[in-house]
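Presented below is the structure to which this report refers.
The values are calculated or read from the model by the stated rules, or taken from the named source; none is laboratory data. Everything numeric in this text was worked out from a predicted model, so none of it was measured. Don't worry about glycine lacking a Cβ; one is built from the backbone with ideal geometry, like all the others, and counts go over all protein chains shown.
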Amino acid sequence: MRISGLYRSAVYLLAGIGILANSATLLAQQLDDNFLNSTVFIKRPLDAGQESRGTGFLIFHEIAKDVATGRSTYQIVLVTNKHVLPAEQSNFHQITIKIAVRNGPATETKDLPIDILGNDGKFLRTVAMNPNPQIDVAAVDIGLQITKEKAEFIIHAVETGKALTTDLLLPIKDFKDASIGIGTQIYLLGYPAGYSDPRNISPILRIGVISTEPDKDYSFDEITTKAANLPSPIHGFLIDANVYPGSSGSMIVRRTNIVTGFNPGGKASVPYILGIVADSMGIHDSGINANERVGLGVVFSSDTILETIKLLPTVQ
């Protein structure tokens with residue numbers, strides 16, 4: 001794969017981006033570097049000098065393909081939750097994402113500002129919100145900003161010939177063929193509690209399991225829905241992965257290479273992106289009169305991610 005040029009300063013022309021058929025870059029590492037490089041730490045200013053912290057991930061979305069040359073045109077999209085971004089008419093119109101950039105032989109971190117709202121206080125055309133108010137998924141076309149930087153996310157894709165593309169978003173209808181169900185092990189990549197090493201962009205990786213039937217929406221009873229302000233039904237599933245605030249926007253990746261040397265082949269061997277974390281569930285323990293987290297996370301399915309990305313205009 002080689003970068004062939006820029007298209008309206010917003011997307012790259014690339015040839016032959018491959019799907020990540022195996023999850024490990026190195027034998028000692030369980031997940032490909034592309035997943036790590038694509039996960040970003042998001043900060044949003046609040047009033048009184050406070051800030052909100054969350055997670056997102058970057059992904060290539062093919063919008064055109066030249067059959068004659070084999071080259072494809074891709075948008076570079078930031079995927080996160082609606083509540084991680086500023087709401088319309090907010091006092092602050094930007095977020096920042098922490099990315100790795102090349103500076104000669106060294107790699108440095110940089111806070112990259114991303115415009116979300118225009119001067120009128122409304123969302124820019126580069127921002128898409130899932131139209132269902134119960135689905136907390138947002139997508140932002142950041143090609144214009146990130147193509148001006150020597151972003152490790154892009155350079156690594158060029159050097160390895162592989163990248164995270166929307167082909168890795170596994171539709172719910174294919175879950176059974178990929179042997180995904182209750183108990184399937186998953187990786188969760190993000191910045192829980194806003195923990196982020198200032199020296200690099202490496203997210204914190206945790207392991208969990210799918211806790212409810214992932215190919216069926218999950219519904220809470222009326223009391224739980226009101227008490228915890230949760231959407232019902234969830235167009236996705238629950239996971240048990242010690243999910244805490246700050247994890248919002250984390251990608252959920254199907255864990256592979258569980259047994260060393262065993263490769264089931266087909267879809268069962270691909271580290272698909274299964275969804276995005278939107279909330280962590282808590283309870284009030286009356287015995288100690290305190291609120292606490294129960295470790296369960298609300299995940300919206302990959303279908304909701306792709307349908308949101310497709311709402312972005314393909315011409316800047």
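Side notes on the structure shown:
- Some residue of segment 129-140 being without any contact (Cβ under 8 Å) to a residue 60 or more places away in the chain and either assigned to a strand (DSSP E or B) or touching a strand residue (DSSP E or B) at 6+ places or on another chain (Cβ under 8 Å) (or both): no
- Pair list, Cβ under 7 Å, 6 or more apart: segment 212-233 residue surrounded by fewer than 14 Cβ atoms within 10 Å (Cβ to Cβ), other residue in a strand (DSSP E or B): GLU213/PHE237; PRO233/TYR218
- Scanning segment 46-75 for residues that are touching a Gly at 6+ places or on another chain (Cβ under 7 Å) and either hydroxyl-bearing (Ser, Thr, Tyr) or surrounded by fewer than 24 Cβ atoms within 10 Å (Cβ to Cβ) (or both) yields ARG53, THR55, GLY70.
Residue-wise test of (1) of a type outside the set (Phe, Trp, Tyr); (2) at pLDDT below 95; (3) under 30 Å from ILE97 (Cα atoms).
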| residue | (1), (2), (3) |
| --- | --- |
| ASN242 | yes, yes, yes |
| ILE258 | yes, yes, no |
| ASN289 | yes, yes, no |
| LEU306 | yes, no, yes |
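- Subset of segment 31-45 (residues that are assigned to a helix (DSSP H, G or I) and either surrounded by 24 or more Cβ atoms within 10 Å (Cβ to Cβ) or polar (S, T, N, Q) (or both)): ASN34, ASN37, SER38
- Of everything listed in (1) in a loop (DSSP other than H, G, I, E, B); (2) over 19 Å from GLN134 (Cα atoms); (3) at pLDDT 85 or above, the single unmet condition for LEU188 is (1).
- The residues on offer are ARG206, ARG199, and the sole one that is in contact (Cβ under 8 Å) with a residue 24 or more places away in the chain, among the basic types (Lys, Arg) and in a strand (DSSP E or B) is ARG206.
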